[in-house]
């Protein structure tokens, strides 16, 4: 089973899955790949099965890999979305602690809010390390 890959206008990799239509895969590529785009026909086994950072894929000579700087930005955005409701809940707890003049609770909430703000300040050298980063207190 073959696939057609090419760089798309968003800086990622597009993958065409040819249908049985009586055309050769080369004819399908000529027909369906946007004009002016170089393409490569690859075996389906060369397409990564892990789609977690699909929007960070790049290819060179038909080899698809994850662009780490793009993957970092994708993970940061996922973390921002994950922490938003957590911060909102802490804001409500903060107001209650403030009304009750609970200094220990205020300090704990401030520390947790700062930990969540800092969650996007990370170092990761591999895609696997990057995928493990989340908002939990582990």
Distribution output for the chain: share of Cα-Cα pairs per 10 Å bin in percent, first bin at 0, values 11, 29, 21, 16, 12, 8, 3, 0
A chain fully extended from residue 86 to residue 107 at 0.36 nm per residue, minus the present Cα-Cα distance, gains in nm 5.9 nm
In degrees, nearest 10, the alpha-carbon axis of helix 68-99 is tilted away from the dominant principal axis of the alpha carbons of the chain by 20 degrees
For segment 69-132, Rg(Cα) over 2.2 N^0.38 Å is 1.39
Within the set 22, 62, 12, GNM on the chain using Cα springs under 10 Å gives the largest fluctuation to 22
In whole angstrom, the spacing between the Cα centers of segment 10-51 and segment 79-126 equals 45 Å
Here the Kirkwood hydrodynamic radius of segment 95-138, Cα-based and in Å, equals 12.4 Å
Dividing the alpha-carbon radius of gyration of segment 2-66 by 2.2 N^0.38 Å, where N counts its residues, gives 1.08
Tilt, helix 103-117 to longest principal axis of the chain (alpha-carbon atoms), in degrees rounded to tens, equals 10 degrees
Helix-only [θ] at 222 nm, the chain, -39500 (n - 2.57) per DSSP H run of 4+, per residue, nearest 500, equals -14500 deg cm²/dmol
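Where a number appears in this text, it was derived from the coordinates with a stated rule and is not lab data. Computed from a predicted structure; not experimentally measured.
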